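Here the structure is laid out as C-alpha cells; the discussion comes afterwards.
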Amino acid sequence: MTTPRFRRALLAATVPVLALGLLSGCTATTAAETSPAPSDAGFPVTIENCGSTITLDAPARRIVLVNDDELPNLEALRAVDRIVAITATPQPGLYADATYDALDALSPLTTEQNATGGSVVSQESILGASPDLVIAPENAVDRDALAASGIPVYSPTAYCSNPDPELSTTATFDRVWNDVRSLGSLLGAGDQAEQAIAAAKATVQSSAPAAGTAAALYVSSGGAVLSPYGGPSMVTPVFAAAGLTNVYADSDQRVFDASVEDIISRDPGTIVLLYSSGDPQGTIDTFLNTPGVSGLRAVREDRVVALRFPYTDPPSVLSVRGPGELARLLDGLG
C-alpha cells in the first residue's frame, strides 16, 4: 500500500464555525506586521514531538519552514518574520497580505523528490540558512543529522512517521490547540498562543444541523488513486462542525488508499475533494473522469465539491475556518 500521508506532506443558512478573526481582514495584517519580541521566560523548554525530545535554550528566532503546513500557526503566533528560508510558496488567499510580502522576500531552498513524491531538503541548504529551528514533515529532513549539528526539528503531528497512539484516535479541535501551544512554547510566544486559541474556541461549535454523510478524498495520479481521510484526520471534526458525518470516521488511519468499490459501499451522500494546487473545477473534473465513480450516489446527484486542503489537515488555525468554507460549498449545491 502507498503512503499518501507523506505524499501530501508537500503539498476551510447557519454556519457553525465563523471566520477566525485573528487571521482575517485587517486584524491578520496587523498581527503579521507587529511581531512581539519573544519571551525568554521559562527557557530552556523541552517538548516531545513525534517521539523525539526537543530542547531549546532560548526562543527560536530563525526558522526554516519546509512546506507551509505550519504557516497558519506561525501567522497566528505573529512569528512570520522569524522565517528565514522556505521551500514552498503558499496558496493565495489564505493569509494576510503582510505574510505573503514577508515570504516573497525569501528565496526558496532547492528541494528534491523522495520515493513517495515528497519534498526533501538537503542538510547543506538548511545549514546555510543558519536556523535555530526547522519545521518540517519527518520524512522531508534528516532529524538525527540536523540534531547532530545542533538544529532541532519540529514536525506537525499529522506528519509523524510513527505517530503516538493517541494520534490514531478520532480527531477533535483539541489537536489544533495542542499544536499551537507546542509551537508557541518553542517560540517563547505562550501568550500569543493562548490568545489565538481563545479566539478560535470562541468561533467553534461542536455540531450543526445534520447535512448527511460524506467522504473526503484526495485524488492523485490523474485520478488513478483515491485516498479517503479517516477518523484521526481533521476532516472528521471539520465535517461534524458543518453537519456532515465522515463515512470513514471508523478508520484508525489518518489517510489511506481505497478502491472505488469500497467508497461506493460506504454510500457517502456528498464527496468532498481536497486539493492543494490547481483549481477546484479541475480537481472535480479529474475525479469525475475516474473509472467507476459514476456508481457513487453523490456523483449521480451532483453532490461533489472541492475544498482547499489547508482548511482540513494538518491541524492548524485554518482548520477552524474549514467548516465555514465547507458550509458555503454545500449551500451552493442547493
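The values are calculated or read from the model by the stated rules, or taken from the named source; none is laboratory data. It should be emphasised that the depicted structure is a prediction, and the values quoted were computed from it without experimental measurement. Cβ sites come from the backbone with ideal geometry, for glycine too, and all protein chains shown count toward neighbours. Side chains included, ligands, DNA and RNA excluded: accessible areas come from the protein's heavy atoms. Shrake-Rupley method; radii C 1.70, N 1.55, O 1.52, S 1.80 Å.
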Scanning for something surrounded by 14 or more Cβ atoms within 10 Å (Cβ to Cβ), among the hydrophobic types (A, V, I, L, M, F, W, C) and farther than 26 Å from Asp252 by Cβ, does the stretch 172-188 turn up at least one residue? yes
Residues of the stretch 242-277 being of a type in the set (Gly, Ala, Ser) and under 20 Å from Ala158 (Cα atoms), which ones? Ala249, Ser251, Ala258, Ser276, Ser277
Selection from the stretch 312-326 of residues that are part of a helix (DSSP H, G or I) and open to solvent by less than 10 Å² (accessible area, probe 1.4 Å): Val317, Leu318, Ser319, Val320, Gly322, Pro323, Leu326
Quick one: would you say Tyr218 is among the aromatic types (Phe, Trp, Tyr), out of contact with any Leu (no Cβ under 8 Å at 6 or more places or on another chain) and either open to solvent by less than 20 Å² (accessible area, probe 1.4 Å) or within 22 Å of Arg321 (Cα to Cα) (or both)? no
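Among the candidates Ala189, Ala208, which residue alone is of a type outside the set (Val, Ile, Thr) and modelled with pLDDT of 95 or more?
Ala189
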Determine if the stretch 252-263 includes at least one residue that is touching an Asp or Glu at 6+ places or on another chain (Cβ under 8 Å), at pLDDT 95 or above and open to solvent by 30 Å² or more (accessible area, probe 1.4 Å). no
Which one is farthest from Asp262 (Cα to Cα) among residues in the stretch 280-322 that are touching a Phe, Trp or Tyr at 6+ places or on another chain (Cβ under 9 Å) and charged (D, E, K, R)? Arg321
I need a count of the residues in the stretch 78-98 that are in a loop (DSSP other than H, G, I, E, B), crowded, with 19+ Cβ neighbours inside 10 Å and of a type in the set (Val, Ile, Thr). 1
With respect to Val204, determine if the residue is outside any loop (DSSP other than H, G, I, E, B) and among the β-branched types (Val, Ile, Thr). no
Matching residues, the stretch 291-301, being in a loop (DSSP other than H, G, I, E, B) and either open to solvent by less than 10 Å² (accessible area, probe 1.4 Å) or in contact with a Leu (Cβ under 7 Å, 6 or more places away or on another chain) (or both): Leu296
Among the residues of the stretch 33-65, the number that are under 20 Å from Ser130 (Cα atoms), open to solvent by less than 40 Å² (accessible area, probe 1.4 Å) and within 23 Å of the chain's Cα centre (by Cα) is 5
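Residues that are within 23 Å of Ser233 (Cβ to Cβ), modelled with pLDDT under 95, charged (D, E, K, R) and not in a helix (DSSP H, G or I): does the stretch 62-76 have at least one?
yes
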All but one of (1) in contact with a strand residue (DSSP E or B) (Cβ under 6 Å, 6 or more places away or on another chain); (2) surrounded by fewer than 18 Cβ atoms within 10 Å (Cβ to Cβ) hold for Glu166; state the number of the condition that does not hold. (1)
Screening Gly117, Gly150 for residues that are at pLDDT 90 or above, surrounded by fewer than 21 Cβ atoms within 10 Å (Cβ to Cβ) and more than 16 Å from the chain's Cα centre (by Cα) leaves only Gly150
